[in-house]
Amino acid sequence: MKTWKMAVLGVAAIGFSAMSANAGELDILKPRVPADQIAAAKAMKPPFAVTQDMIAKGKDVFNGAGTCYTCHGAAGDGNGPGAAGMDPAPRNFTNSKFEQVRTAGEMFWVVSNGSPLQPAMVGFVTAGQITEKQAWEAVIYERSLGCGGDMSCVEGSADWVSKQPVHEEAAGNLKPEFLNTAAK
Ligand code: HEC
């Protein structure tokens with residue numbers, strides 16, 4: 001009897017936590033980098049060749065010094081233990097559509113300076129928690145989660161991103177406020 005009750009409670013708890021895991025991400029088309037800095041951010045490139053070795057180093061930062069997994073989840077899907085109730089929710093890096101619209105440089109800017117739209121995503125470099133090199137490594141690892149084995153996608157230059165098709169889901173959100181405007 002007791003075991004039966006616990007099993008039911010367990011299932012209920014799993015159902016509840018899955019539902020309330022987070023409040024949902026903000027639109028991927030809404031840039032995080034302020035308008036006066038976005039061109040420079042988009043043009044930034046990793047200061048090293050993007051290799052499997054760098055991806056592995058980034059994984060160590062993500063799960064280690066950077067503590068990124070606590071919010072973004074061990075799988076990088078945005079469902080880490082710290083994500084509960086966060087609004088907007090941590091980015092899901094396994095969504096390949098995100099990598100299609102964001103350059104690695106823009107992501108690096110956020111890891112350096114923080115997200116103007118979510119104070120929980122602090123500037124890990126300016127706060128001194130990780131170095132610039134570690135921030136680039138973490139970004140490269142995060143991109144690899146949605147890019148599969150496509151290294152040009154992992155590198156995510158502005159040139160590469162501009163060639164990606166704008167998917168339907170995103171096209172519906174192409175309102176002026178989501179395009180290259182200053183972050184609110
Ligand atoms: C305390 C929770 C938390 C931690 C720890 C955290 N993040 Fe985030 N991160 C967030 C949230 C929440 C967002 C969504 C913010 C937004 O939508 O602007 C986010 C967004 C991002 C973005 C995407 C911004 C965009 O362009 O849409 C990147 C890149 C990122 N985080 C990288 C990292 C890296 C790398 C680390 C570890 C060094 C890290 N985060 C650690 C909460 C966190």
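The values are calculated or read from the model by the stated rules, or taken from the named source; none is laboratory data. Note that the structure is predicted; figures quoted are calculated from it, not measured. Every residue, glycine among them, receives a Cβ derived from its backbone with ideal geometry; neighbour counts consider all protein chains shown.
Key figures
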quantity	calculated
Set Glu106, Glu99: member being in contact (Cβ under 8 Å) with a residue 12 or more places away in the chain, within 15 Å of Val154 (Cα to Cα) and within 7 Å of the ligand (Cβ to nearest atom)	Glu106
Selection count where residues are surrounded by 19 or more Cβ atoms within 10 Å (Cβ to Cβ), farther than 22 Å from Met54 by Cβ and more than 8 Å from the ligand (Cβ to nearest atom), scope the stretch 114-139	1
Some residue of the stretch 40-57 being buried (at least 19 other Cβ atoms within 10 Å of the Cβ) and within 8 Å of the ligand (Cβ to nearest atom)	no
All helices (runs of 4 or more DSSP H) inside the stretch 33-113 with 3 or more residues being farther than 19 Å from Gln134 by Cβ	38-43, 96-101
Flag if Gly105 is surrounded by 15 or more Cβ atoms within 10 Å (Cβ to Cβ) and either of a type outside the set (Gly, Ala, Ser) or at pLDDT 95 or above (or both)	yes
